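Remarks on the structure that follows.
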Amino acid sequence: MKIAQTRLKYLCRLVYGDALRPEQDTVSEVEVFGSNGQFAITDRPNTLGPTIIIGRKGSYGKVNWSPRPCFASDTTFYIDSSQTSQYLRWIFWLLQTLRLDEGSNETAVPGLNREAVYEKSVHVPSVSVQRRIADYLDTETAQIDALIAEKERMLALLTEKRAALVSRAVTRGLDPTVPLKPSGLEWLGEIPAHWKVMQLKRTWLSAEYGISENIRGEGSVKVLRMSCIIDGRIDISNAGAVEEVDSHLLLELGDLLFNRTNSLDQVAKVGLLDYEPEFPTSFASYLVRIRVNELVLQDYLVALMNSHHFLSYARSNAIPAIGQANLNPTRYGELLIPLPPRKEQDAIVANLSDERPRSAKLELELRHSLSLLKERRSALITAAVTGQLERAVMAA
């Protein structure tokens, strides 16, 4: 397979997409593509079909394909048959080998620079070979994509199963035969007859806002941000820093951090500091530190507050604002929760702790398998496009 080498600018033209205009017709069937893929419909296309759409801003470098005429938005470039004399589907696969997501700073917003893309050096076989390569990759990647989709489905099911297990344990306990009673709460339903229902704040010793100083990258005191709350625990790796903080705002083992301000799908997340901080550590003002009393075990409470049904309940009580929601500690503390006896809380926490390593191991195995499949897919595309799989491609 003889393959010439040239720069991309001699093969195709990247056209800027357009601002999405209001629909003109009552029936809209044309897909609208942004940098991250299809996101809306409109009344008329601005491309021919098929079309390659390339993210220019935001998720820049992502390459999408539309088999039909579509509308490429102003955050994208597009290539259709009028912009190249090469086989368009081969161009689609070729672009995925050029690391376009490394992008550049075209403006103040990081994005994809068209001139930099044009200078990419590429191997160019004849159009007939391009068709063979594209057909080969369509077949081979479809099989890999099916395996990837199955692994992702299994991951989603594992996440759902784990969430359901936690939710049932913290709202129904571990004994399926225990007598139940109405909780009086729509989100909760029935609970064990010997459990109590009380306001969340009755389990608190204190609730304090974090610091309002400007958080920098350097300083003697680590400052936790919203992004430091991950899966019910505290991750300090993304913390900022300040020079000093009042000692009463330093975190200790067993402290809970509650996210009071964020987008609605993120507000009300809670993280437990389950280790002694290596450095003096505080927290930003959009977080609230909660310290609990003897009624509740920290691990039980954080599992309850991060459970799907309770989060939905809490977020329904948040006050919406532009682009975010707010749930202050006063409003949050008035929410009603189920509370088992301490001994039962201990048993629930132990049960969830025993289950966590098993599901974590399975999740790790699935993610590793996914990573290998994606690496295999990427390597296959590169090998086919650069002529390393000549025999397999020509036999396809």
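Given the residues L389, L327, which is the only one that is within 20 Å of M226 (Cβ to Cβ) and not charged (D, E, K, R)?
Working: L389 fails: within 20 Å of M226 (Cβ to Cβ).
Of the residues listed, the single one that is within 20 Å of M226 (Cβ to Cβ) and not charged (D, E, K, R) is L327.
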Worksheet item: Does segment 101-116 include one or more residues that are outside any loop (DSSP other than H, G, I, E, B), outside the structural domain of R377 (by TED's automatic domain parsing), touching a residue at least 60 places away in the same chain (Cβ under 8 Å) and surrounded by 14 or more Cβ atoms within 10 Å (Cβ to Cβ)?
Response: yes
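Restrict the check to segment 278-286 and report whether at least one residue is under 13 Å from W204 (Cα atoms) and β-branched (V, I, T).
Taking segment 278-286 as the starting set, the residues that turn out to be under 13 Å from W204 (Cα atoms) are none.
No, there is no match, as no residue in segment 278-286 is under 13 Å from W204 (Cα atoms) and β-branched (V, I, T).
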Practice prompt. Quick one: which residue in L364, L352 is surrounded by 16 or more Cβ atoms within 10 Å (Cβ to Cβ), within 30 Å of the chain's Cα centre (by Cα) and at pLDDT below 95?
Written response: L352
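Kindly evaluate W204 against the criterion of being among the aromatic types (F, W, Y), surrounded by 12 or more Cβ atoms within 10 Å (Cβ to Cβ) and in the same structural domain as R331 (by TED's automatic domain parsing).
Working: among the aromatic types (F, W, Y): yes; surrounded by 12 or more Cβ atoms within 10 Å (Cβ to Cβ): yes; in the same structural domain as R331 (by TED's automatic domain parsing): yes.
When the stated conditions are applied, W204 passes them.
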Worksheet item: Checking G387 against (1) more than 25 Å from T159 (Cβ to Cβ); (2) assigned to a helix (DSSP H, G or I), which test does it fail?
Response: (2)
Discussion item. When you check S227 against the structure, is it farther than 20 Å from V296 by Cα, outside any loop (DSSP other than H, G, I, E, B) and under 31 Å from the mean Cα position of the chain (by Cα), yes or no?
Written reply: yes
Worksheet, complete the sentence: For segment 291-329, the count of residues that are in a helix (DSSP H, G or I), touching a residue at least 40 places away in the same chain (Cβ under 8 Å) and hydroxyl-bearing (S, T, Y) equals 3
Worksheet, complete the sentence: Checked E278, E244, E218, E213 against criteria (part of a loop (DSSP other than H, G, I, E, B), surrounded by 16 or more Cβ atoms within 10 Å (Cβ to Cβ) and at pLDDT below 90); the one match is E213
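The values are calculated or read from the model by the stated rules, or taken from the named source; none is laboratory data. Note that the structure is a prediction, hence the values are computed from the model and not measured. Using ideal geometry, Cβ is built from the backbone for each residue, glycine included, and neighbour counts are taken over all protein chains shown.
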